[in-house]
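Data first, discussion second: the structure below is written as structure tokens.
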Amino acid sequence: PDHAALVVFAGGPLALRWHELGEADLRAQVTMRLVEALGPEAADSLDFSRRDWTHDGWSGGAYSDLIIDVTARDAERTILAGAPPLHFASSELSPSFPGYVEGAIVAGRIAARRIIADVQSAIATRASGS
Ligand SMILES: Cc1cc2nc3c(=O)[nH]c(=O)nc-3n(C[C@H](O)[C@H](O)[C@H](O)COP(=O)(O)OP(=O)(O)OC[C@H]3O[C@@H](n4cnc5c(N)ncnc54)[C@H](O)[C@@H]3O)c2cc1C
């Protein structure tokens, strides 16, 4: 595109309510909030495009995941440690770009390396024992 685009996300109950709206009403709702946040110029948009994920088979209903139990201080470390040979990989566990596809790829590579190391160590142990 030859001009800037502003992307907004709506999730949870709001997304379900907005799912019912037609394009003009949805644009009005989004514009109203942008004007509240940024001022009247935010109403001066060139175009509007929507992507509704509420019935997308691959989206579970939220952009990303958060551990919200404040007592679960070790949750991330525990999940990252896994229970070898079982390892977990998810965007949320990534040391970089958590919550994005890039993060999912980084976390997947880290988990894959751990699994390969586990398999190689099991093979080496078996070879030295025979
Ligand atoms: C609406 C929306 C828009 C997004 N836009 C962007 C974007 O523009 N750019 C970007 O970088 N990121 C975006 N993201 C975030 C990105 O999609 C995620 O960060 C990424 O897909 C996470 O990858 P993952 O492999 O960690 O998890 P997921 O892609 O969620 O993969 C988990 C998989 O596990 C499966 N699963 C769950 N439970 C079980 C079970 N019990 N048994 C077997 N399988 C199971 C699920 O079906 C799913 O296929 C968006 C997310 C959403 C929801």
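The values are calculated or read from the model by the stated rules, or taken from the named source; none is laboratory data. This structure is a prediction, so every number in the text was calculated from the model and none was measured. Neighbour counts run over all protein chains shown; Cβ positions are idealised from the backbone, glycine included. With ligands, DNA and RNA removed, areas are computed over all heavy atoms of the protein, side chains included. Shrake-Rupley method; radii C 1.70, N 1.55, O 1.52, S 1.80 Å.
Within the option set ALA62, ALA107, ALA72, being part of a loop (DSSP other than H, G, I, E, B), near the ligand (Cβ under 10 Å from one of its atoms) and either among the aliphatic types (A, V, I, L, M) or at pLDDT 90 or above (or both) holds for one residue only, ALA62. The requirement of being under 15 Å from the mean Cα position of the chain (by Cα) and either away from the ligand (no atom under 16 Å from the Cβ) or not in a loop (DSSP other than H, G, I, E, B) (or both) is not satisfied by ILE123.
Could you grab me the full set of residues in segment 75-104 that are under 13 Å from the mean Cα position of the chain (by Cα) and either away from the ligand (no atom under 14 Å from the Cβ) or farther than 25 Å from LEU16 by Cβ (or both)? Scanning segment 75-104 gives ALA89, LEU93, SER94, SER96, PHE97, PRO98, GLU102, GLY103, ALA104.
For segment 84-130, the set of residues classified as more than 27 Å from TYR63 (Cα to Cα) and small (Gly, Ala, Ser) consists of ALA117, SER121, ALA122, ALA124, ALA127, SER128, GLY129, SER130, listed by residue number. Only one of the numbered conditions (1) more than 16 Å from the ligand (Cβ to nearest atom); (2) of a type outside the set (A, V, I, L, M); (3) within 30 Å of ILE79 (Cα to Cα) is not met by ASP44, and that is (3). Scanning segment 77-100 for residues that are assigned to a helix (DSSP H, G or I) and either modelled with pLDDT of 95 or more or surrounded by 13 or more Cβ atoms within 10 Å (Cβ to Cβ) (or both) yields ILE79, LEU80, SER91, GLU92, LEU93.
Looking across segment 21-50, just one residue is of a type in the set (A, V, I, L, M), in contact (Cβ under 8 Å) with a residue 24 or more places away in the chain and surrounded by fewer than 13 Cβ atoms within 10 Å (Cβ to Cβ), and that is LEU46. If you check TRP18, TRP53 for being open to solvent by 80 Å² or more (accessible area, probe 1.4 Å) and either free of Cβ contacts under 8 Å to residues at least 24 places away in the same chain or over 30 Å from VAL119 (Cβ atoms) (or both), only one passes: TRP53. Kindly establish whether SER64 is within 30 Å of GLU23 (Cβ to Cβ), of a type in the set (Ser, Thr, Tyr) and touching a Leu at 6+ places or on another chain (Cβ under 9 Å). In short, no.
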